[in-house]
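Colleague: Dropping a structure here in structure tokens format, bear with me for questions.
The values are calculated or read from the model by the stated rules, or taken from the named source; none is laboratory data. Predicted, not measured: the structure shown is a model, and the values here were computed from it. Cβ placement follows ideal geometry from the backbone for every residue including glycine, while neighbour counts extend to all protein chains displayed. These area figures cover heavy atoms from the full protein model, side chains too; ligands, DNA and RNA do not enter into them. Shrake-Rupley method; radii C 1.70, N 1.55, O 1.52, S 1.80 Å.
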Amino acid sequence: MSARGEAELVASSWEGDGDWDLARVVHALRDARGTRSDGASLRRGPLPSRDALDAIVRGLRSALFPTHFGSSDLTDTSVDYFVGHTLDATLRSLQQQTLRTLAYESEESVAERTVEVLERRAAHLIAQFAARLPYVRALLERDVQAAYDGDPAAKSRAEIMFCYPGVSAIIHHRLAHELYELGLTLLARVISESAHSSTGIDIHPGATIGERFFIDHGTGVVIGETAVIGDRVRLYQGVTLGAKRFPLDGQGAVVKGLLRHPIIEDDVVIYAGATILGRVTIGRGSTIGGNVWVTRSVPPYSQVSQAQAQSECFDGGAGI
Amino acid sequence: MSARGEAELVASSWEGDGDWDLARVVHALRDARGTRSDGASLRRGPLPSRDALDAIVRGLRSALFPTHFGSSDLTDTSVDYFVGHTLDATLRSLQQQTLRTLAYESEESVAERTVEVLERRAAHLIAQFAARLPYVRALLERDVQAAYDGDPAAKSRAEIMFCYPGVSAIIHHRLAHELYELGLTLLARVISESAHSSTGIDIHPGATIGERFFIDHGTGVVIGETAVIGDRVRLYQGVTLGAKRFPLDGQGAVVKGLLRHPIIEDDVVIYAGATILGRVTIGRGSTIGGNVWVTRSVPPYSQVSQAQAQSECFDGGAGI
Amino acid sequence: MSARGEAELVASSWEGDGDWDLARVVHALRDARGTRSDGASLRRGPLPSRDALDAIVRGLRSALFPTHFGSSDLTDTSVDYFVGHTLDATLRSLQQQTLRTLAYESEESVAERTVEVLERRAAHLIAQFAARLPYVRALLERDVQAAYDGDPAAKSRAEIMFCYPGVSAIIHHRLAHELYELGLTLLARVISESAHSSTGIDIHPGATIGERFFIDHGTGVVIGETAVIGDRVRLYQGVTLGAKRFPLDGQGAVVKGLLRHPIIEDDVVIYAGATILGRVTIGRGSTIGGNVWVTRSVPPYSQVSQAQAQSECFDGGAGI
């Protein structure tokens with residue numbers, strides 16, 4: 001490069017023209033996007049927004065637990081107004097995100113007629129969701145109590161609400177699970193992944209979880225889509241309730257939708273790092289020791305430790 | 001639903017009235033909250049705020065390390081003004097959060113007299129906290145040096161400060177531990193959980209940690225409330241220093257406050273995924289191999305690998 | 001303390017003077033900072049900003065995938081304008097951060113002459129980076145397809161883009177790796193650590209990763225600086241591709257820059273929690289079972305389960 005070229009280069013990079021060949025990069029990126037899949041998406045309107053869904057979860061959380069997550073100036077008399085106002089604004093936003101999802105997942109193009117149908121469906125779904133909120137709150141109240149009862153380090157209700165990632169994860173999960181049950185799987189997954197990002201706890205919104213559920217510490221926990229968990233179950237960090245095999249179809253792609261995750265019955269405790277894979281059943285009242293690897297069902301009231309697991313239950317690793 | 005009903009439904013959902021029966025949901029949520037625990041909380045005034053505490057940690061961090069976390073236009077002459085101003089504003093905010101905690105944890109209702117007592121106590125506590133900051137900074141300086149010395153991939157001091165989750169976690173911990181020692185356990189826990197969320201490293205603020213501490217990678221590390229860690233200790237991702245058993249009281253609830261976590265003496269290295277449970281002692285200079293499970297004490301200068309651990313130290317999993 | 005003293009204390013703490021001895025703390029912190037390392041840093045100008053780099057990654061991501069991460073009102077005709085505008089603003093910001101890094105890493109003080117040289121270098125580096133973006137996008141497109149093909153729970157392209165931490169991590173990694181290859185290791189590390197914080201997946205930007213790479217769940221994954229990964233490799237949560245030993249130099253500090261992480265050949269699957277340490281080679285088409293610990297090379301098409309690993313491959317833990 002000539003000295004003159006260099007001088008111009010420096011000048012231009014500080015006068016705002018840049019040095020990169022912008023037009024060429026933009027052109028190459030357009031080619032890379034192609035016209036098919038992304039173009040079709042654009043014509044179906046905007047996608048749901050992760051930021052909006054994060055705000056929606058915060059709104060629902062503060063409406064369910066205004067004492068802990070509401071504004072700081074609430075009184076006995078003002079709290080219902082706060083709840084009503086927050087809930088209304090939040091459900092309205094959720095309805096809009098629902099409409100975006102329905103439009104995205106709809107096969108047809110968005111003609112005027114279809115929009116009306118989708119709007120009606122969105123309104124109907126959110127009304128069903130709203131009606132479930134008191135039930136969801138009752139479940140969460142019991143989860144909070146289970147956290148307090150289950151951890152010797154817990155000192156107050158405020159500590160449980162503010163500081164337990166397992167409590168944050170179950171709040172997200174119980175809300176996401178309701179959306180999943182209504183068929184809004186994309187919205188549900190965005191919410192569960194937001195909890196995964198902030199807590200390290202990865203619960204698929206499809207998982208069915210009973211009352212008084214508690215996860216302590218939680219980083220690295222994975223609970224799969226078709227897992228079923230009973231009442232009063234306690235998990236520690238790094239526990240996986242996963243799939244063992246992924247059967248392939250004729251084209252070599254994984255088959256979707258099979259029941260492939262464990263069933264954990266009532267009153268089971270699973271210690272840190274234990275891995276349970278496949279559609280097996282852990283019988284009620286069982287204790288699974290830390291780092292244990294289980295790929296077969298165990299009867300009720302079993303106490304599975306690592307040594308036992310190796311001789312009795314171990315059969316060679318996931319998917320092998 | 002009649003065609004007319006459907007039309008009205010669609011209209012209303014877009015005119016802002018919503019379709020959900022808001023009054024009924026708000027009413028059900030009020031019933032669910034009950035009157036006792038949450039009502040009492042409201043009368044004790046606002047709870048501490050997690051957002052405020054996140055800002056406080058950022059403020060303290062930029063006052064302790066203005067070169068790396070202060071504003072980008074600092075010079076040799078302006079840096080002290082930045083530190084003084086930031087520290088003053090941050091400590092003031094911390095004092096306010098302290099007052100909220102004291103009010104929340106106080107048994108009595110907040111009469112005028114009590115507020116004065118609590119304000120005096122908050123001011124006293126924060127003065128003690130402020131006086132400890134130079135000591136905390138000296139400790140952190142040595143932790144930063146330990147990170148640089150301990151990782152072959154570390155290339156500069158800026159990389160250590162900006163990119164090492166273990167350094168972020170220990171900055172949070174050393175600040176939180178000071179608050180914990182002053183009895184401000186709720187504030188301390190909110191700060192430690194914020195670090196857990198962003199780093200995957202879960203250190204209870206009660207843990208006692210010596211000089212030149214380094215955690216590499218860090219995701220999944222758990223260090224319990226009563227753990228004691230000596231000088232020059234190095235941990236890798238997924239290490240648990242946890243409790244082995246949770247004794248229950250007469251009502252079946254876990255007993256709180258026992259010494260239940262390991263003692264790690266000076267110069268110990270614990271590799272990824274190792275789990276050490278219970279009030280055991282890992283003697284000075286020992287090396288604990290990856291994925292090892294230890295529930296008994298080991299003498300100084302031990303080298304514990306997985307095979308040894310299974311024959312000598314393993315006794316069947318946590319809490320079984 | 002006299003009653004009068006107490007009253008003054010309370011008053012002062014609420015009139016804004018504080019109770020802490022601010023001047024003393026500021027003075028002690030200045031002494032603690034010393035004059036050498038931090039002072040030198042200040043004279044080299046501002047350090048790169050983590051917030052700015054987070055915004056840069058968001059900008060690049062929305063320019064590469066405008067349908068999913070661009071503004072919500074894009075149409076077929078407006079999308080190129082959005083891409084061009086976003087890219088230009090983002091690259092300009094990246095150039096500024098690059099200049100800061102070059103100034104920080106430069107040995108000399110920042111005289112006028114040096115600034116010009118650094119500016120020219122920054123402009124040249126970013127032009128090279130920009131030219132690589134279409135290639136990076138093509139790689140990412142195949143990673144997204146691999147995620148869809150590899151997970152039975154995946155239901156739509158939007159779900160893959162919004163909800164898969166492994167996809168977020170590989171987007172960050174492929175951008176960071178380009179910066180690393182250009183010698184901008186500090187910027188690269190800030191970006192990779194941002195992904196680590198939000199996904200729990202810790203990929204050093206130096207790692208070389210082939211096409212169609214997929215990490216499922218991902219929390220706790222660690223991939224070291226000198227790791228080399230082939231095409232169509234799939235990893236699950238908690239997999240470590242790490243170093244086995246850290247040789248020390250004459251001063252007892254770790255030696256930097258050695259090839260010390262595994263080589264994973266094409267079409268390998270590594271299940272949850274497996275740990276592979278040292279410069280070993282996992283032969284093409286192999287399957288490494290969950291929780292397996294490997295510190296020796298394995299031939300192509302091996303199926304390594306935990307039992308085999310213990311008798312054949314296990315040699316006693318990391319670094320022992």
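To keep it simple, each residue is scored yes or no on (1) under 19 Å from the mean Cα position of the chain (by Cα); (2) closer than 27 Å to B:Gln306 by Cα.
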{"residue": "A:Gly218", "(1), (2)": "yes, yes"}
{"residue": "A:Gly224", "(1), (2)": "yes, no"}
{"residue": "A:Val228", "(1), (2)": "yes, no"}
{"residue": "A:Asp231", "(1), (2)": "no, no"}
{"residue": "A:Val239", "(1), (2)": "yes, yes"}
{"residue": "A:Gln251", "(1), (2)": "no, no"}
{"residue": "A:Ile270", "(1), (2)": "no, yes"}
{"residue": "A:Gly285", "(1), (2)": "no, no"}
{"residue": "A:Val294", "(1), (2)": "no, yes"}
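Colleague: Read through the list (1) at the interface with another protein chain (Cβ under 9 Å from one of its Cβ atoms); (2) open to solvent by 20 Å² or more (accessible area, probe 1.4 Å); (3) not small (Gly, Ala, Ser), then give the number of the only condition that C:His177 fails.
Modeller: The failed condition is (1).
Colleague: Go through the residues of segment B:185-199 one by one and say whether even a single one is buried (at least 23 other Cβ atoms within 10 Å of the Cβ) and either within 7 Å of chain C (Cβ to nearest Cβ) or over 30 Å from B:Ser106 (Cβ atoms) (or both).
Modeller: yes
Colleague: Just one of the numbered conditions (1) touching a residue at least 24 places away in the same chain (Cβ under 8 Å); (2) under 20 Å from A:Phe162 (Cα atoms); (3) not in a loop (DSSP other than H, G, I, E, B) is not true of B:Ser192; which one?
Modeller: The number of the failed condition is (1).
Colleague: Right, here's the next one. Name the residue, out of B:Gln237, B:Gln251, that is open to solvent by 10 Å² or more (accessible area, probe 1.4 Å) and closer than 19 Å to B:Ser192 by Cβ.
Modeller: Among B:Gln237, B:Gln251, only B:Gln237 is open to solvent by 10 Å² or more (accessible area, probe 1.4 Å) and closer than 19 Å to B:Ser192 by Cβ.
Colleague: Would you mention how many residues in segment A:250-275 are assigned to a strand (DSSP E or B) and modelled with pLDDT under 95?
Modeller: 2
Colleague: Additional query: Quick one: C:Ser286 ticks every box in (1) surrounded by 15 or more Cβ atoms within 10 Å (Cβ to Cβ); (2) at pLDDT below 90 bar one, so which box is it?
Modeller: Here C:Ser286 clears every test but (2).
Colleague: On to the next question. Would segment C:295-306 turn up any residue that is on the phi > 0 side of the Ramachandran plot and at pLDDT below 90?
Modeller: No.
Colleague: Anything in segment A:149-165 that is touching a residue at least 12 places away in the same chain (Cβ under 8 Å), within 19 Å of B:Ala188 (Cα to Cα) and in contact with a strand residue (DSSP E or B) (Cβ under 9 Å, 6 or more places away or on another chain)? List them, or say none.
Modeller: Matches in segment A:149-165: A:Asp151, A:Tyr164, A:Pro165.
Colleague: Among the residues of segment B:115-148, which ones are open to solvent by 50 Å² or more (accessible area, probe 1.4 Å) and either in a loop (DSSP other than H, G, I, E, B) or touching a residue at least 40 places away in the same chain (Cβ under 8 Å) (or both)?
Modeller: Within segment B:115-148, B:Gln128, B:Arg132, B:Arg142, B:Gln145 qualify.
Colleague: Please tell me if A:Gln96 is closer than 26 Å to A:Gly210 by Cβ, modelled with pLDDT of 90 or more, open to solvent by 30 Å² or more (accessible area, probe 1.4 Å) and more than 7 Å from chain B (Cβ to nearest Cβ).
Modeller: No.
Colleague: In segment C:246-297, what count of residues is obtained for those that are free of Cβ contacts under 8 Å to residues at least 12 places away in the same chain and closer than 25 Å to B:Gly220 by Cα?
Modeller: Of the residues in that region, 1 qualify.
Colleague: In a loop (DSSP other than H, G, I, E, B), modelled with pLDDT under 95 and within 14 Å of chain A (Cβ to nearest Cβ): is that true of B:Asp38 in this structure?
Modeller: no
Colleague: So, in segment A:253-292, exactly how many residues are within 12 Å of chain B (Cβ to nearest Cβ) and touching a His at 6+ places or on another chain (Cβ under 8 Å)?
Modeller: Adding up the residues that qualify gives 1.
Colleague: Here's something else I'd like to know. Could you grab me the full set of residues in segment B:66-78 that are surrounded by fewer than 20 Cβ atoms within 10 Å (Cβ to Cβ) and either more than 7 Å from every other protein chain (Cβ to nearest Cβ) or charged (D, E, K, R) (or both)?
Modeller: Result: B:Phe69, B:Ser71, B:Asp73, B:Asp76, B:Thr77, B:Ser78.
Colleague: Given the structure, is B:Leu187 assigned by TED's automatic domain parsing to the domain that holds B:Phe129, touching a Pro at 6+ places or on another chain (Cβ under 8 Å), under 30 Å from B:Ala122 (Cβ atoms) and in contact (Cβ under 8 Å) with a residue 60 or more places away in the chain?
Modeller: Yes.
Colleague: Does at least one position in segment C:236-252 carry a residue that is under 16 Å from C:Ser286 (Cβ atoms) and within 14 Å of chain A (Cβ to nearest Cβ)?
Modeller: yes
Colleague: Criterion first (modelled with pLDDT under 95 and either buried (at least 20 other Cβ atoms within 10 Å of the Cβ) or in a loop (DSSP other than H, G, I, E, B) (or both)) does C:Ala153 satisfy it?
Modeller: When the stated conditions are applied, C:Ala153 passes them.
Colleague: So, one more: Output the number of the condition that B:Ser197 fails; it satisfies all remaining conditions of (1) of a type in the set (Ser, Thr, Tyr); (2) in a helix (DSSP H, G or I); (3) closer than 20 Å to B:Pro262 by Cα.
Modeller: Result: B:Ser197 fails condition (3) only.
Colleague: Just the residues that are touching a residue at least 24 places away in the same chain (Cβ under 8 Å), outside any helix (DSSP H, G or I) and hydroxyl-bearing (Ser, Thr, Tyr), please, taken from segment C:48-90.
Modeller: C:Ser49 - this is the single residue of segment C:48-90 that is touching a residue at least 24 places away in the same chain (Cβ under 8 Å), outside any helix (DSSP H, G or I) and hydroxyl-bearing (Ser, Thr, Tyr).
Colleague: Any residue at all in segment C:211-221 that's within 14 Å of chain B (Cβ to nearest Cβ), open to solvent by 30 Å² or more (accessible area, probe 1.4 Å) and among the hydrophobic types (A, V, I, L, M, F, W, C)?
Modeller: Checking segment C:211-221: not a single residue is within 14 Å of chain B (Cβ to nearest Cβ), open to solvent by 30 Å² or more (accessible area, probe 1.4 Å) and among the hydrophobic types (A, V, I, L, M, F, W, C).
Colleague: Further, regarding this structure: I need the full set of residues from segment A:213-236 which are touching a Leu at 6+ places or on another chain (Cβ under 9 Å) and either assigned by TED's automatic domain parsing to the domain that holds A:Arg142 or not in a strand (DSSP E or B) (or both), in order please.
Modeller: A:Phe213, A:Asp216, A:Gly218, A:Val221, A:Gly224, A:Thr226, A:Ala227, listed by residue number.
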